[in-house]
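The values are calculated or read from the model by the stated rules, or taken from the named source; none is laboratory data. Model, not experiment: these values are computed from the prediction. Glycine also receives a Cβ, built like all others from the backbone with ideal geometry; neighbour counts cover every protein chain displayed.
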Amino acid sequence: MRYKVLLSPIFTNPQFDTPQRQVMLKEFAAIADLEYYTGDLTQEKSKGVIGVIADSALVHDGFYTEGHDLRLIARWGVGFDKVNVAGATKNGVLITVAPEHMETVAEYAITQWLATLKRVYTLNRLSHNGDFSIIRTYEAQGSTLGLYGLGRIGQAVARRAKPLLGAEGRLLVYDVRPDIRELAASLGAEAVDHPRALFEQCETVALHVSGDETVVTYDLLCAMQPHASLINPSRGNLVDDQAVNRAIREEKLCYYVVDDPVNGPRAIHKDHPRIICTNHNAGITVQSTIRLDRRTIGQVADAIAGKTPAHVLNQEVLGHPRVKGFLKG
């Protein structure tokens with residue numbers, strides 16, 4: 001029997017058409033018929049599909065209810081707000097994530113931390129406009145960096161930041177996890193009890209939080225020092241866009257860096273010289289896409305072979321009769 005697997009359009013992006021990808025797809029095609037999909041995953045796309053390597057497309061209930069052969073949705077990344085986890089779990093479909101870009105996002109955060117301290121964006125704009133002024137910039141060494149969220153990415157940032165802060169620098173962290181003080185101490189950081197402490201004390205605050213709930217409001221932004229910057233490599237919705245645009249215009253902080261494009265609620269930032277938007281590209285490098293390809297193809301191949309794939313998000317589905325019927329171990 002030939003299996004059918006749907007692949008995200010990301011696999012057709014020529015920017016990441018590596019030799020490694022071509023080898024992996026050729027080997028994958030030996031065990032399944034590969035088809036590329038566009039748009040939402042709807043009922044009419046489910047026929048004969050055993051697995052999907054999905055981007056951020058919305059998965060409709062009908063895709064699960066009518067996908068009688070469906071075993072797995074493998075997210076090419078870690079976001080899962082569009083995959084309809086409840087629908088998958090109800091219908092006995094595994095959802096996996098691919099946490100292969102944590103170090104990549106950490107590098108992005110460090111890069112933006114240094115770029116904002118050094119006022120790279122302002123200096124570039126001034127020079128291109130014919131203004132060759134020497135302006136005030138800052139050093140990472142001896143400064144205070146704040147991390148809002150100390151999960152896998154936050155920890156990777158902390159490990160990279162600590163040597164750059166030097167003996168006199170401070171690394172402050174906020175997280176609701178119960179082991180935050182012990183974890184912070186192991187990384188040479190100080191845990192604070194409220195995010196406001198980060199915004200009041202730090203030259204830079206970096207957000208490393210999951211979900212879409214807005215956590216940064218105008219009041220928090222007003223607590224920042226005028227030369228400080230906010231870096232958001234996570235989700236645009238974590239920050240109130242109207243509030244941060246206003247706060248920067250009022251000189252409450254210097255830069256806002258967000259890894260989301262200038263559209264939707266962030267269209268307000270278009271052409272603002274101190275609001276940097278980067279198209280949700282922080283976790284995407286040549287190297288990370290190879291890892292993402294390898295992980296997601298492996299997850300689908302495992303499900304086809306009856307093996308439990310790595311990084312199952314909806315662990316409770318492992319007890320579903322349908323899943324027990326195809327998993328051998």
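I'd like the full set of residues that are surrounded by fewer than 21 Cβ atoms within 10 Å (Cβ to Cβ), out of contact with any Lys or Arg (no Cβ under 8 Å at 6 or more places or on another chain) and not acidic (Asp, Glu), limited to the range 253-274.
Going residue by residue through the range 253-274, those that are surrounded by fewer than 21 Cβ atoms within 10 Å (Cβ to Cβ) are 261-268, 270-274.
Then keep just the ones that are out of contact with any Lys or Arg (no Cβ under 8 Å at 6 or more places or on another chain); that gives 261, 263-268, 270-272, 274.
Answer for the range 253-274, where residues must be surrounded by fewer than 21 Cβ atoms within 10 Å (Cβ to Cβ), out of contact with any Lys or Arg (no Cβ under 8 Å at 6 or more places or on another chain) and not acidic (Asp, Glu): Pro261, Asn263, Gly264, Pro265, Arg266, Ala267, Ile268, Lys270, His272, Arg274.
For residues that are among the hydrophobic types (A, V, I, L, M, F, W, C) and in contact with a Phe, Trp or Tyr (Cβ under 8 Å, 6 or more places away or on another chain), scanning just the range 229-263, find the one that is nearest to Ile153 (Cα to Cα). So that I can check it myself, show each step before the final result.
The initial filter retains those residues of the range 229-263 that are among the hydrophobic types (A, V, I, L, M, F, W, C), namely 230-231, 238-239, 243-244, 247-248, 253-254, 257-258, 262.
After this cut, where a residue has to be in contact with a Phe, Trp or Tyr (Cβ under 8 Å, 6 or more places away or on another chain) as well, the list is 230-231, 239, 243-244, 247-248.
On the way: Leu230: 16, Ile231: 13, Val239: 18, Ala243: 26, Val244: 23, Ala247: 27, Ile248: 26 Å.
Here the residue is Ile231.
Which of the following residues is assigned to a helix (DSSP H, G or I) and either buried (at least 22 other Cβ atoms within 10 Å of the Cβ) or of a type outside the set (Ser, Thr, Tyr) (or both): Phe63, Phe80? Lay out the reasoning, then the answer.
Details: Phe80 fails: assigned to a helix (DSSP H, G or I).
After applying the criteria, what remains is Phe63.
Taking the condition of being surrounded by 15 or more Cβ atoms within 10 Å (Cβ to Cβ) and either among the hydrophobic types (A, V, I, L, M, F, W, C) or over 18 Å from Ala98 (Cα atoms) (or both), how many residues in the range 275-309 meet it?
So the count comes out to 13.
Before we move on, is Ala88 in a loop (DSSP other than H, G, I, E, B), assigned by TED's automatic domain parsing to the domain that holds Asp33, under 26 Å from the mean Cα position of the chain (by Cα) and not polar (S, T, N, Q)?
no
Touching a helix residue (DSSP H, G or I) at 6+ places or on another chain (Cβ under 6 Å), charged (D, E, K, R), over 20 Å from Thr278 (Cα atoms) and at pLDDT 95 or above: is that true of Arg75 in this structure? First the steps, then the outcome.
Numbers: touching a helix residue (DSSP H, G or I) at 6+ places or on another chain (Cβ under 6 Å): no; charged (D, E, K, R): yes; over 20 Å from Thr278 (Cα atoms): yes; at pLDDT 95 or above: yes.
Answer is no for this residue.
Restricting the range 170-187 to residues that are part of a loop (DSSP other than H, G, I, E, B) and surrounded by 15 or more Cβ atoms within 10 Å (Cβ to Cβ), which is nearest to the chain's Cα centre (by Cα)?
Keep residues of the range 170-187 that are part of a loop (DSSP other than H, G, I, E, B), which gives 175-179, 187.
Add one more test, that the residue is surrounded by 15 or more Cβ atoms within 10 Å (Cβ to Cβ), and what stays is 175, 187.
Numbers: Asp175: 17, Leu187: 22 Å.
The selected residue is Asp175.
State whether one or more residues within the range 263-272 are touching a His at 6+ places or on another chain (Cβ under 8 Å) and modelled with pLDDT of 95 or more. Let's see the steps before the verdict.
Let us first name the residues in the range 263-272 that are touching a His at 6+ places or on another chain (Cβ under 8 Å), namely none.
Checking the range 263-272: not a single residue is touching a His at 6+ places or on another chain (Cβ under 8 Å) and modelled with pLDDT of 95 or more.
Condition check ((1) without any contact (Cβ under 8 Å) to a residue 40 or more places away in the chain; (2) over 23 Å from Tyr255 (Cα atoms)) across all residues:
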| position | (1), (2) |
| --- | --- |
| Thr137 | yes, no |
| Ala167 | yes, yes |
| Ile180 | yes, yes |
| Arg196 | yes, no |
| Ala206 | no, no |
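Identify the residue in the range 42-58 that is of a type in the set (A, V, I, L, M, F, W, C) and under 21 Å from Gly298 (Cα atoms) and, among all such residues, is surrounded by the most Cβ atoms within 10 Å (Cβ to Cβ).
At the first step, the residues of the range 42-58 found to be of a type in the set (A, V, I, L, M, F, W, C) are 49-50, 52-54, 57-58.
Then keep just the ones that are under 21 Å from Gly298 (Cα atoms); that gives 49-50, 52-54, 57.
Values: Val49: 25, Ile50: 21, Val52: 31, Ile53: 27, Ala54: 26, Ala57: 18.
It comes out as Val52.
Cβ-Cβ under 9 Å, sequence separation 6+ or interchain: first residue in the range 115-129 and under 21 Å from Gln141 (Cα atoms) and in the same structural domain as Asn232 (by TED's automatic domain parsing), partner among the hydrophobic types (A, V, I, L, M, F, W, C) and part of a helix (DSSP H, G or I). Which pairs?
Val120/Leu114; Tyr121/Ala115
Determine whether Pro163 is out of contact with any Cys (no Cβ under 9 Å at 6 or more places or on another chain), modelled with pLDDT under 95 and not polar (S, T, N, Q).
Working: out of contact with any Cys (no Cβ under 9 Å at 6 or more places or on another chain): yes; modelled with pLDDT under 95: no; not polar (S, T, N, Q): yes.
Here the answer is no, as Pro163 does not meet what is asked.
For the range 199-223, how many residues are within 16 Å of Leu171 (Cα to Cα) and not in a helix (DSSP H, G or I)? Outline the logic, then answer.
Going residue by residue through the range 199-223, those that are within 16 Å of Leu171 (Cα to Cα) are 199-208.
Subsequent filtering for residues that are not in a helix (DSSP H, G or I) retains 202-208.
Going through the range 199-223 one residue at a time, the tally reaches 7.
Regarding Gly62, is this residue within 22 Å of Val97 (Cα to Cα), out of contact with any Asp or Glu (no Cβ under 9 Å at 6 or more places or on another chain), among the small types (Gly, Ala, Ser) and in the same structural domain as Arg295 (by TED's automatic domain parsing)?
Numbers: within 22 Å of Val97 (Cα to Cα): yes; out of contact with any Asp or Glu (no Cβ under 9 Å at 6 or more places or on another chain): no; among the small types (Gly, Ala, Ser): yes; in the same structural domain as Arg295 (by TED's automatic domain parsing): yes.
The answer is no for Gly62.
Any idea which of Asp40, Asp33 is of a type in the set (Asp, Glu) and out of contact with any helix residue (DSSP H, G or I) (no Cβ under 9 Å at 6 or more places or on another chain)?
Details: Asp40 fails: out of contact with any helix residue (DSSP H, G or I) (no Cβ under 9 Å at 6 or more places or on another chain).
Criteria check complete, one pass: Asp33.
Please find, within the range 5-21, the residue that is farthest from the chain's Cα centre (by Cα) out of those that are without any contact (Cβ under 8 Å) to a residue 60 or more places away in the chain and assigned to a strand (DSSP E or B).
Among those residues, the one meeting the criterion is Leu6.
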